[in-house]
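Coordinate-derived values only; no laboratory data. This is a predicted model, so every value here is computed, not measured. Glycine also receives a Cβ, built like all others from the backbone with ideal geometry; neighbour counts cover every protein chain displayed.
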Amino acid sequence: MVSTALPPADDLVARLRGLGDPANVAGMMRFGISGEGALGVPVPAIRALARELRPSGTADPEGVHLLALALWSTGVHEARMLAAFIDVPALVTRTQVEAWACDLDSWDVCDQLCGNLLDRTAFAWELREEWAGRPETFVKRAGFALMTQLAVHDKDASDEPFLHFLTLVEREADDDRPYVRKAVNWALRQIGKRDAALWSAAVDAARRLRERESRAARWVASDALRELQSDAVRTRLGL
C-alpha cells in the first residue's frame, strides 16, 4: 500500500539537493535560466518526485496545497518547479498566483507554472488577458505562455478567443525584451497551428508585424512565418 503521508517541505528540498549537480547550474545559465537558488536538478527528476506525491494529493488535497505553498516560499528554483507540479488547481487563489508571478525570475519556472498549474485554474482566461499587458518581464511572459498552453490543450475552445489573443500579440510585439518577444512569438505560432482559419489570421498578423519599424516585431513575425508557412504545418492543416 502506498503511504499518503506528506513529507515536510524541508525534507523535499533536502532530497532535491541530493539530486542536484552544480555543473548543471552552469548549463542552465547558458540557456538563460537564472542560477539564483538553483540546485541543478534535471526536470525529469523533479517530475518523478512529483509523481511520488500524487497519491497524497488524492487523499489530502489541502495538505498538498499547503506543501506547495511551503515549497515555493523556500525560494529554491527546483522546489518552486515542484510546487507548480503538485499544487491543486481548485485550491489555488488569485492572491497566491499574483504573488508567485511577481516572484518569477526565470523562464523555465514561468513556463512550467503556466503549463502545469495556472492553465487549469478557474481564472486562467482572466490571467492571460491581464498579464499580457503587465510591465514585469516574467509576468508578461506568463500571459503569453498561458495563451500558448490554451492553444495547444483546449481542443473544445472556439476560434473567437484566439482571434482576440492575436490582437494582444500585435499590441505587445514591439517589446524587445528577449523573454517577452519569444513568448509573444510562441503564442503567435501555436495559435496559427490550431486550425486553418486561425492559420490564416496568424499569418496575416505576422505579415503586418513584419512591416513595422520595430526590430522585435519583425523578429516575431519572421520567425513565426518560417514555421507557419512550412510544408509540415501546411500539410497538417490541409492547406
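Here are the numbers for this structure:
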{"quantity": "Protection proxy ranking, peptides 5-18, 81-94, average beta carbon neighbours within 10 Å, highest first", "calculated": "81-94, 5-18"}
{"quantity": "Burial ranking of peptide ranges 200-209, 110-119, 46-55, 217-226 (average Cβ count within 10 Å, highest at the top)", "calculated": "110-119, 217-226, 200-209, 46-55"}
{"quantity": "Estimated vicinal HN-Hα couplings, Hz - the stretch 8-20 in sequence order (Karplus 6.51, -1.76, 1.60; Gly, Pro = x)", "calculated": "x, 4, 4, 5, 5, 5, 5, 5, 4, 4, x, 8, x"}
{"quantity": "Cβ-Cβ FRET estimate between residue 59 and residue 108, R0 fixed at 22 Å, reported to 0.05", "calculated": "0.15"}
{"quantity": "Using θ = phi - 60° and Karplus 6.51 cos²θ - 1.76 cosθ + 1.60, couplings along the stretch 205-219 (whole Hz; Gly, Pro as x)", "calculated": "4, 4, 5, 5, 5, 5, 8, 6, 6, 5, 4, 4, 5, 5, 5"}
{"quantity": "Sequence of 155, 140, 182 once ranked by neighbouring C-beta atoms within 10 Å, starting from the fewest", "calculated": "155, 182, 140"}
{"quantity": "Distance histogram for the chain (every C-alpha pair counted, 10 angstrom bins, percent rounded to whole numbers)", "calculated": "8, 30, 31, 22, 9, 1, 0"}
{"quantity": "Burial ordering of 148, 74, fewest other beta-carbon atoms within 10 Å first", "calculated": "74, 148"}
{"quantity": "Separation between Cα centres of the stretch 14-84 and the stretch 147-214, rounded to whole Å", "calculated": "31 Å"}
{"quantity": "Formal net charge of residues neighbouring residue 6 (Cβ-Cβ distance under 14 Å; K, R +1; D, E -1)", "calculated": "-4"}
{"quantity": "On Cα atoms only, tilt of 61-73 relative to the major axis of the chain in degrees", "calculated": "80 degrees"}
{"quantity": "Overall form of the stretch 20-108 per C-alpha gyration tensor (a/c, 1.5; a/b vs b/c)", "calculated": "oblate"}
{"quantity": "Sequence-distant residues sharing a close amide H with residue 38 (under 5 Å, placed H)", "calculated": "77"}
{"quantity": "Estimated inter-spin distance, residue 11 and residue 48, nm [label 7 Å along Cα→Cβ]", "calculated": "1.9 nm"}
{"quantity": "Size descriptor, Kirkwood hydrodynamic radius, that averages inverse alpha-carbon separations across the stretch 104-239, Å", "calculated": "14.6 Å"}
{"quantity": "Orientation-averaged projected area, Cα convex hull of the stretch 42-181 (nm²)", "calculated": "8.5 nm²"}
